[in-house]
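The structure under discussion appears below in the form of structure tokens.
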Amino acid sequence: MQASRYRSNGLAAAGLTALLATLLATLLAYAPAARAQTAAAPYPSKPIRLIVPFAAGGPADALARAIGQKLLERWGQTVIVDNRAGAGGSIGAEAVARSPADGHVLLLTTAGVVTTNPSLSPVRFDTVRDFAPIALAATISSLLVVPKSLHVETAQQLIALARSKPGSLNFGSSGPGSASHLAMAMFDRAAGIELQHVPYKGAAPAVTDLLGGNVQVMLIGVSTVLPYVKAGTLVALGVSSPQPSPLAPGVPTIAAAAGLPNFEASNWLGLFAPAQSPPAIVRQLNAELNAIMQLPEVRASLGREGFEPVPGNTPEQFGAYVQAEIRKWSKLVKDAGITAN
């Protein structure tokens, strides 16, 4: 009787083992199909949140809204532009870095937030580790300008004047550690001159003092000062991009005008997703953004804001460019002892 019970229990155990083996085999057989179905899930499947780490109304916000409108037209899916200002853009960037990596939360930011800010002050994200580069959207060239009253007509004349009077010329910026500050610091060191930095709370008061002759030189966004150049109150000595800008016809590059090979200090706007975002989604977004940047109406609209669209770059090219920018600006910040205070 007891032996019979043991035999029954053994048969039951064997049956259970066989059943579990069958279930496991079934699950393993269906796993690839389930993964394929998940990978093939439509994107986007819900509204996209495009975080801009600045207040509404600025250059990044304008570009984000243009991109959002075109994505809505092309995909039929809402794109919510979410302005998360604060801490020099770090608050918005961190929000994206901590978001799910499913392509539904994206970051459109200027170069400073992800390439220079980490060198200037502590941030709670790592650009290379925490973001998946999607595409370089547009560049914003800067003009090296002086007031007409300085009687300087070329970049070479400015450098000669600064060398003849070390420390006597001032340059204005929109604030410590700002793009205009870093660009002029780079020019200062490349040219071997000594200009005194006068920081302002924004570009507008700095340009006002430049027009009044209280500061003698600035390197600032084309759209900010081009009207004064056209009016003849400011003189454009060079553009910071590696090629002449179509937004400032006739103005040479600083590299050529000042005899500073390889000088470049352009600001830019780029699109990022959280790290580990599916490569297929990153490439889909890259293709869409590149297509949008080539639309005539978008190019015309961005041109009025001082943007030069950069279509056709891949995620890999943009990622390599971002890392090169981080190396360039972090070296300048360290060598020149620049702080954000």
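Quick notes on this one:
- Qualifying residue in region 130-145 (condition: among the hydroxyl-bearing types (Ser, Thr, Tyr) and farther than 25 Å from GLN284 by Cα): yes
- Which numbered condition VAL322 fails, given (1) within 14 Å of the chain's Cα centre (by Cα); (2) within 25 Å of THR224 (Cβ to Cβ); (3) not in a helix (DSSP H, G or I): (3)
- Of all residues in region 200-219, those being in a helix (DSSP H, G or I) and either under 12 Å from MET184 (Cβ atoms) or at pLDDT 95 or above (or both) number 7.
- From the options PRO274, PRO205, PRO252, residue that is over 18 Å from the mean Cα position of the chain (by Cα) and over 17 Å from PHE171 (Cβ atoms): PRO252
- Candidates ALA190, ALA183, filtered to the one that is part of a helix (DSSP H, G or I) and either in contact with a strand residue (DSSP E or B) (Cβ under 8 Å, 6 or more places away or on another chain) or crowded, with 21+ Cβ neighbours inside 10 Å (or both): ALA183
- Qualifying residue in region 149-165 (condition: surrounded by fewer than 17 Cβ atoms within 10 Å (Cβ to Cβ), modelled with pLDDT under 95 and assigned to a loop (DSSP other than H, G, I, E, B)): yes
- Any hit, region 123-146, residues being in a strand (DSSP E or B) and more than 23 Å from the chain's Cα centre (by Cα): yes
- Candidates PRO261, PRO249, PRO242, filtered to the one that is farther than 30 Å from VAL81 by Cβ, without any contact (Cβ under 8 Å) to a residue 40 or more places away in the chain and either of a type in the set (D, E, K, R) or touching an Asp or Glu at 6+ places or on another chain (Cβ under 8 Å) (or both): PRO242
- When residues in region 226-254 are screened for being touching a helix residue (DSSP H, G or I) at 6+ places or on another chain (Cβ under 9 Å), closer than 21 Å to ALA185 by Cα and not in a loop (DSSP other than H, G, I, E, B), 7 of them pass.
- Residue among ARG74, ARG65, ARG35 that alone is at pLDDT below 95, in the same structural domain as SER277 (by TED's automatic domain parsing), of a type in the set (D, E, K, R) and out of contact with any helix residue (DSSP H, G or I) (no Cβ under 9 Å at 6 or more places or on another chain): ARG65
- Residue under evaluation GLU288, criteria (1) over 19 Å from the mean Cα position of the chain (by Cα); (2) of a type in the set (Asp, Glu); (3) over 30 Å from GLY202 (Cβ atoms), criterion not met: (1)
- Scope region 69-92; condition part of a helix (DSSP H, G or I), in contact with a Lys or Arg (Cβ under 9 Å, 6 or more places away or on another chain) and surrounded by fewer than 19 Cβ atoms within 10 Å (Cβ to Cβ); matching residues: ILE91
- Whether a residue is in the same structural domain as ALA273 (by TED's automatic domain parsing) and either among the aromatic types (Phe, Trp, Tyr) or touching an Asp or Glu at 6+ places or on another chain (Cβ under 9 Å) (or both) was assessed, and ALA111 passes this test.
- Residue check for ALA300: assigned by TED's automatic domain parsing to the domain that holds PRO118 and in contact (Cβ under 8 Å) with a residue 24 or more places away in the chain: no
The values are calculated or read from the model by the stated rules, or taken from the named source; none is laboratory data. Source: prediction; values computed, not measured. All Cβ positions, glycine included, derive from the backbone under ideal geometry; neighbour counts span all protein chains shown.
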